[in-house]
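Written below as structure tokens is the structure these notes are about.
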Amino acid sequence: MRKVVFLLSGFLFLSGKLFSQSFAFSPADTFNTGMPEEEITFFNIISNTTSNSYDIDVIRVQNATALFWGSAFCLDMCYSASKDSARITLLPNEQQDFSVHVFTDVLPDSSTVVFCVKEAANPSNTICQRFYASTKTASVNPLNETQAAVTIY
């Protein structure tokens with residue numbers, strides 16, 4: 001029994017070493033809200049967690065935006081809404097700012113955009129992140145006249 005436990009724990013340790021990620025997204029899944037007709041922005045960091053340089057592909061794999069909404073991203077530069085991918089080189093232990101921009105419309109709604117970051121030389125080394133944007137209506141609390149009346153002596 002001890003041999004089985006030792007072998008299993010050794011396998012798990014080696015598995016973690018063999019299949020560990022060489023980069024990280026920070027933060028993990030993201031949710032952000034805003035008002036209609038506003039741009040909702042997500043700020044993130046892609047980090048190379050190793051002492052090697054990597055070519056990294058950033059790919060928008062899902063763009064489920066509401067009607068008349070859109071999305072775009074900025075990596076080493078800001079790209080048009082029609083651009084779905086970009087490649088950058090991350091030097092050892094380097095960090096790269098990454099932002100997703102969701103453009104909303106007049107009506108309240110929600111959208112989901114998913115980006116994957118993968119190592120160009122090893123596509124199995126991939127991390128995907130979901131960005132969920134939602135707008136809400138402005139709540140208006142009309143005051144009735146009796147509440148607004150003020151008497152000053």
Using a 1.4 angstrom probe on the protein heavy atoms only, could you order VAL61, VAL114 from most to least accessible area? VAL61, VAL114
Local electrostatic count at ASN52 - Lys and Arg +1, Asp and Glu -1, tallied over other residues with Cβ under 12 Å: -3
Of the accessible area of region 21-71, computed with a 1.4 Å probe and all protein chains kept, carbon and sulfur make up a percent value of 52 percent
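The values are calculated or read from the model by the stated rules, or taken from the named source; none is laboratory data. Predicted, not measured: the structure shown is a model, and the values here were computed from it. Here the Cβ is made from the backbone with ideal geometry for all residues, glycine too, and neighbour counts use every protein chain on show. What goes into the accessible areas is simple: the full protein's heavy atoms, side chains included, and nothing from ligands, DNA or RNA. Shrake-Rupley method; radii C 1.70, N 1.55, O 1.52, S 1.80 Å.
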